[in-house]
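Step one of this worksheet: look at the structure below.
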Amino acid sequence: MINETPYSISVAELKELGKDNIPGEFVPSCHLIYSSPATLSYNSPGAIGFGVKRAALVIPESVMLLVAPACCGRNSTILSSEEGYADRMFYLEMDETDLVTGRHLNMIPQAINEILEVADPRPEVVTVCTTCVDALLATDLESICMDAEEKCGVRVVPSYMYALTREGRKPPMTVIRQTIYSLLEKQDRMPDRVNIMGFFSALDPENEFFALLRKAGIKEIYEAGAMDKFSDYQKISSANFNIVLDKESNFAAEDLKNRIDMPYIELARLYDPEKIHKQYQLFAKAIGVVFDDSAYYEEALKRVEEFKNKYEGCTVAIGDMCNANSFELAGFFAKCGLVPKVLFSNVTVEDFPYINRLADLAGDARVYAGISPSMVHYRDPEKVDIAIGKDACIYCDAGINVDWFSEKQPFGFKGLIDLIDEIERGNA
Amino acid sequence: MKGFFRYLSPFSPDQSGASAVFFEYGGITVIVDAGGCTGNVCGFDEPRWFIKKSAVYSAGLRDMDAILGRDERLIEKLGDAVDTVDANFIALIGTPVPAVIATDMTGLKKMAEEKYGLPVVGISTNGMDTYEAGEKKGYKALLELKDDPLFKERVKEPADQFDVCVWGMTPLNIPSLESAAMMRERIEKTCGLKAVTLGMDSDITDIAGIENAKIHYCVSPSSYDVVKKLCEKTGAEMRIGFENGEECVLPFEDRIKGDVLIVHQQILANEIRSMLRRDGIENRTDVVSFFEMIPELSEDGDTYIKSEKEFTDLVKNGNYGTIICDPLYMRALKDTEIEHISLPHFAVSGEMYADENPLEW
């Protein structure tokens, strides 16, 4: 008997099961994975936004040499042109003989020399990226890069696009974050400098966090994603500490702590204004400064009140492909009196504090596992008024659609207000 | 240096070609990978992904699956899909990971058939060959599927018999997604015969009726061998090309200057050459391709290109006045003075230049 019902579970049921019993439908290694147009970026993070290849290019004045079977570089063909980094990607394609002999590895220095001949401007760094094949061949890419660096007279950094390790201890998007900061060398730390890490692209420069930091005496705020020059990038290690905005960067932050004694503090991207305010206060206390965020907080509360009055009772769908944690965002909407109806999201252990809170506010909301094989049958079961997230907008395209997936990263009260503004624009 | 691309980018790989052959047939297609290959196939090499439903899945292999050769886990995972999709067959498509660990696709096929009672094809693509190699394997597997007893039990001959089969019609070979319908119309008009375009706008029952066709068209090199063998077996007539008549025009003929180089899949390129000659353009016209070239369909001056450097040298030294090719190739020819006529090839640039397609057939 064929079951054509896409798998889903209520938030309340998820809370009941708990973080140690996440249903197999949300665990990619448990089943075949469906790549709906909405979940394309799960299977291939580079399909939209940042995957390993583009992420490595966050290092300013770097280029990438992808050493892999042709299929691994295929999406770069289109994306690199659309997103403006085609001139920074080079390819050394493997064939079957290379699998057996490993001779492709011997060609890396020559390939790098050819890159240095044509790349304009000459890069400061060449990132060599290998893929699943070299993972299985246990290629020692670090040694190969050290050898190439010596022969070619340019910094050569290894990076790994090993989709096979996605649910491992160090998945590819975690490791690439470490790679991005791997060239930083220890130097004296300056008390009036901080580094922000977490997203591959820069924060919205107008968000209040920068203003609050400056008022607290921070003169330099570094973000690798906002830098053009390698010499600027090198200043990052003069930061007093790191501010980590995405858990996937924790490993990189820990590495910097161990390697160059740079401590870090974690913050979360939140949309509930009370929680944003509380987080700022805790952060300020932790670093021994005062954050007077009252003006921003009051403005945010005012906008939220207007938003509530207008949209109370509206149904909402939220996806994974948005600049938010879908469960946290759903919790905020529920608090505003909207009705989270549907979430399209993977579920991980880290989501459970938000899931538990959401269960108390909107326990009936259904969570669909976007990667489940059953999603081949998904049809929008009922219209929702507002869809947030690129994937949710594909699944539920009838109402107000807000992708909320820009490269300019929202954060704090400004991020919240901008989201409200986007919903209003979608409603206009 | 062989395999090194300074300017050009990777073309569609063989797994995309194999996947394209089976896309519309209502089977369960499993790309045996960790995830990235499937994302590339669905997101970049299969334009129908966004407009037609197809049960294409990633096997979601992880490191321990590969290291320990846990084929039985993949077979188990198939169960969820089999329970969810009313499929007529399963297609297992290889990628670099199973190639490295020498996965026995025939063995996987047998295990899956035994467990689920569905016909299974296993295609040993490896992600390192280009798309037409995968299509070739896909078409071979299609014929094996046709003769599979499990398939014959499930799929009967088409209700609507057809006389003509067109092979090679995948988005990676043809000017646009409308090309299949346009060609069927032309065949009906010129020959008065009903045609099916296998793999495009095609039903699973068409596979069962393949050997009844009187004429087999081949519109890409990937289908040449299979069509030739089929015609030898059944006595059907083999035709090469797109059956373009006088009403099909090339809108860029007034831009032709000097000698001409056409870069595309060979049969489409040959078609353009024939049309140029039909319309009185007798300039030297050569066809080259980064994809398979059939010697019997080549003329003097036609070449299979093995590397980016070979391509740039050929253009620089070939004294061509005009190049008809995908715009992406021009990245490698920035310093070359030559008239460029845009002819997008999906296997090269995907959707990037789709709206520059000048051909209405």
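The values are calculated or read from the model by the stated rules, or taken from the named source; none is laboratory data. From a predicted model like this one, the values you see are computed outputs, not experimental measurements. Every residue, glycine among them, receives a Cβ derived from its backbone with ideal geometry; neighbour counts consider all protein chains shown.
Quick look at the numbers
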quantity	calculated
Some residue of segment A:236-256 being basic (K, R) and outside any helix (DSSP H, G or I)	no
The lone exception for B:N244 - which of (1) farther than 24 Å from B:A347 by Cβ; (2) part of a loop (DSSP other than H, G, I, E, B) it fails	(1)
From the options B:T84, B:T95, residue that is touching a residue at least 60 places away in the same chain (Cβ under 8 Å), more than 22 Å from B:I207 (Cα to Cα), at the interface with another protein chain (Cβ under 7 Å from one of its Cβ atoms) and polar (S, T, N, Q)	B:T95
Which numbered condition B:G280 fails, given (1) farther than 24 Å from B:A181 by Cβ; (2) small (G, A, S); (3) in a helix (DSSP H, G or I)	(3)
Top-ranked residue of segment B:193-241 - restricted to ones that are basic (K, R) and outside any helix (DSSP H, G or I), ranked as surrounded by the most Cβ atoms within 10 Å (Cβ to Cβ)	B:R239
Residue that is farthest from the chain's Cα centre (by Cα) [pool: residues in segment B:305-314 that are outside any loop (DSSP other than H, G, I, E, B) and surrounded by fewer than 17 Cβ atoms within 10 Å (Cβ to Cβ)]	B:D313
Scan of segment A:344-361 for residues that are farther than 17 Å from A:L270 by Cβ and among the hydrophobic types (A, V, I, L, M, F, W, C), ordered by number	A:F344, A:V347, A:V349, A:A359
Unique match (being at pLDDT below 90 and either at the interface with another protein chain (Cβ under 8 Å from one of its Cβ atoms) or more than 30 Å from A:N106 (Cβ to Cβ) (or both)) among B:G27, B:G69, B:G35	B:G35
Search result, residues across segment B:105-123 that are surrounded by fewer than 16 Cβ atoms within 10 Å (Cβ to Cβ) and either in contact (Cβ under 8 Å) with a residue 24 or more places away in the chain or in a strand (DSSP E or B) (or both)	B:G107, B:K115, B:G117
Sole exception among (1) crowded, with 24+ Cβ neighbours inside 10 Å; (2) within 7 Å of chain B (Cβ to nearest Cβ); (3) out of contact with any strand residue (DSSP E or B) (no Cβ under 6 Å at 6 or more places or on another chain); (4) at pLDDT 80 or above for A:L40, by number	(4)
Scope segment B:68-80; condition touching a residue at least 12 places away in the same chain (Cβ under 8 Å) and either under 23 Å from A:P6 (Cα atoms) or part of a helix (DSSP H, G or I) (or both); matching residues	B:D71, B:E72, B:L74, B:I75, B:K77, B:L78, B:G79
Residues (under 14 Å from the mean Cα position of the chain (by Cα) and free of Cβ contacts under 8 Å to residues at least 60 places away in the same chain) located in segment A:178-196	A:I196
Flag if B:L268 is in contact with a strand residue (DSSP E or B) (Cβ under 7 Å, 6 or more places away or on another chain) and within 18 Å of B:T322 (Cα to Cα)	no
Flag for B:A347 being crowded, with 22+ Cβ neighbours inside 10 Å and out of contact with any strand residue (DSSP E or B) (no Cβ under 7 Å at 6 or more places or on another chain)	yes
Qualifying residue in segment A:359-373 (condition: in contact with a strand residue (DSSP E or B) (Cβ under 6 Å, 6 or more places away or on another chain) and among the basic types (K, R))	yes
Among the residues listed as B:I51, B:I75, the single one being more than 9 Å from chain A (Cβ to nearest Cβ), among the β-branched types (V, I, T) and within 29 Å of B:D147 (Cβ to Cβ)	B:I75
In segment B:238-250, the residues that are under 25 Å from the mean Cα position of the chain (by Cα) and at negative phi	B:M238, B:R239, B:I240, B:F242, B:N244, B:G245, B:C248, B:V249, B:L250
The listed residue being surrounded by fewer than 20 Cβ atoms within 10 Å (Cβ to Cβ), touching a residue at least 60 places away in the same chain (Cβ under 8 Å) and hydrophobic (A, V, I, L, M, F, W, C), out of A:A202, A:A226	A:A202
Residue list for segment A:78-112, filter: hydroxyl-bearing (S, T, Y), part of a helix (DSSP H, G or I), under 25 Å from B:I31 (Cα atoms) and at the interface with chain B (Cβ under 8 Å from one of its Cβ atoms)	A:S80
Residue check for A:L164: touching a residue at least 24 places away in the same chain (Cβ under 8 Å), within 14 Å of chain B (Cβ to nearest Cβ) and touching an Asp or Glu at 6+ places or on another chain (Cβ under 8 Å)	yes
Residue check for A:S406: under 19 Å from the mean Cα position of the chain (by Cα) and free of Cβ contacts under 8 Å to residues at least 60 places away in the same chain	no
Any hit, segment A:10-21, residues being assigned to a helix (DSSP H, G or I) and either within 10 Å of chain B (Cβ to nearest Cβ) or at pLDDT below 90 (or both)	no
Identity of the residue in segment B:1-16, in a helix (DSSP H, G or I) and touching a strand residue (DSSP E or B) at 6+ places or on another chain (Cβ under 8 Å), that ends up surrounded by the most Cβ atoms within 10 Å (Cβ to Cβ)	B:Q15
Segment B:30-55 - residue that is touching a helix residue (DSSP H, G or I) at 6+ places or on another chain (Cβ under 9 Å) and in a loop (DSSP other than H, G, I, E, B) and, of those, surrounded by the fewest Cβ atoms within 10 Å (Cβ to Cβ)	B:K53
Conditions (1) closer than 28 Å to B:L198 by Cα; (2) touching a helix residue (DSSP H, G or I) at 6+ places or on another chain (Cβ under 9 Å): number failed by B:G60	(1)
Members of segment A:55-77 that are of a type in the set (G, A, S) and either within 14 Å of another protein chain (Cβ to nearest Cβ) or part of a helix (DSSP H, G or I) (or both)	A:A55, A:A56, A:A68, A:A70, A:G73, A:S76
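Okay, residues lined up against (1) on the phi < 0 side of the Ramachandran plot; (2) away from chain A (no Cβ under 12 Å):
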{"site": "B:D326", "(1), (2)": "yes, no"}
{"site": "B:L333", "(1), (2)": "yes, yes"}
{"site": "B:T336", "(1), (2)": "yes, yes"}
{"site": "B:I341", "(1), (2)": "yes, yes"}
{"site": "B:H345", "(1), (2)": "yes, no"}
{"site": "B:G350", "(1), (2)": "no, no"}
{"site": "B:P358", "(1), (2)": "yes, yes"}
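Quick grid of which residues meet (1) surrounded by fewer than 18 Cβ atoms within 10 Å (Cβ to Cβ); (2) in a helix (DSSP H, G or I):
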site: B:K316; (1), (2): yes, yes
site: B:G321; (1), (2): yes, no
site: B:I324; (1), (2): no, no
site: B:Y329; (1), (2): no, yes
site: B:I341; (1), (2): no, no
site: B:M352; (1), (2): no, no
site: B:D355; (1), (2): yes, yes
site: B:P358; (1), (2): yes, no
